[in-house]
1. Please identify the DSSP H helices in the chain that span no less than 20 Å along the helix axis (Cα) and have a mean Kyte-Doolittle hydropathy of 0.5 or more.
2. Calculate I(q)/I(0) for the stretch 101-174 by the Debye formula, one identical point scatterer on each C-alpha and no solvent, and give its log10 at q = 0.24, 0.27 Å⁻¹ to two decimals.
3. HN-Hα J couplings of the stretch 77-92 from phi, Karplus 6.51/-1.76/1.60, θ = phi - 60°, integer Hz, Gly and Pro as x?
4. Straight-line reach only, C-alpha to C-alpha below 12 angstrom: list the aspartates and glutamates that LYS145 could link to, leaving out same-chain residues fewer than 8 apart.
5. Could you give the semi-axes, largest first, of the ellipsoid that matches the chain, computed as the square roots of 5 times the alpha carbon gyration tensor eigenvalues and rounded to whole Å?
6. Using Cα pairs under 8 angstrom and six or more residues apart, how large is the relative contact order of the chain, in percent?
7. If you take the square roots of the eigenvalues of the alpha-carbon gyration tensor of the stretch 50-150 and sort them as a ≥ b ≥ c, do you get rounded (a/c under 1.5), prolate (a/b over b/c) or oblate?
8. Once you place label points 7 Å from the Cα toward the Cβ at GLN160 and LEU136, how far apart are they in nm?
Amino acid sequence: MATLKGKTVYLRALEPEDLEFLFQIENNESFWEVSHTQTPFSKYVLKQYLENAHLDIFEAKQLRLMIVDANSHEKIGLIDLFDFNPQHKRAGVGILIAPNYQKNGFATEALSILIDYSFTHLNLHQLYANITSDNLKSIKLFESKNFKVVGVKKDWILSQGKFKDEILYQLIND
């Protein structure tokens, strides 16, 4: 699908052969804070998830896409639309790039592709992101794509015994 292709990355639907990559990402404790996870996932549970990944976003209310390096075709991350609400034409956005692929501009391009897809193909009016105030990489990424701060949830996330503020960002399709 040309819509989901950029110069350095492309986005694609999840496939059964993504099981090992998902297993590694979902069980990496350093990502648990952003994914609101507290327990590991078994390969069995992730296999079931992949078997249902074909569901339409209008049915599942979410869409997870694999971010793939356009040159090497290596899986480098995931990007999600969640809390999809077609009535109000909005969805949340989450993105994760595997540590050894960070700082290469992949997240920036993947987010650009997803924004375009969301506004042109899904006809969304707005996207939002929830980012902890200490996640400077994500703040920089979303602000570079014109997401604006619309609120701060004080002491929203408990992580390693300390509360963190969570910033709510919005991008409205004018």
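The values are calculated or read from the model by the stated rules, or taken from the named source; none is laboratory data. Being a predicted model, the structure only gives us computed values, none of them experimental. Cβ coordinates were reconstructed from backbone atoms using ideal geometry, including for glycine residues, and neighbour counts include every protein chain displayed. Heavy atoms of the whole protein, side chains included, go into the accessibility calculation; ligands, DNA and RNA do not. Shrake-Rupley method; radii C 1.70, N 1.55, O 1.52, S 1.80 Å.
1. Numbers: long enough: 106-120 (21 Å, 0.97).
Taking the DSSP H segments of the chain (at least 20 Å long, mean hydropathy at least 0.5), we get 106-120.
2. Reported log10 I(q)/I(0), two decimals: -1.08, -1.19.
3. x, 9, 9, 10, 10, 9, 6, 5, 10, x, 4, 9, 6, 8, 7, x
4. Here the aspartates and glutamates satisfying the reach criterion relative to LYS145 are GLU109, ASP116.
5. Values: eigenvalues 101, 89, 58 Å².
One finds semi-axes of 23, 21, 17 Å for the chain.
6. Working: 276 pairs, mean separation 31.7, N = 174.
18 percent.
7. Since a/c reaches 1.5 but b/c is at least a/b, the shape of the stretch 50-150 is classed as oblate.
8. 1.5
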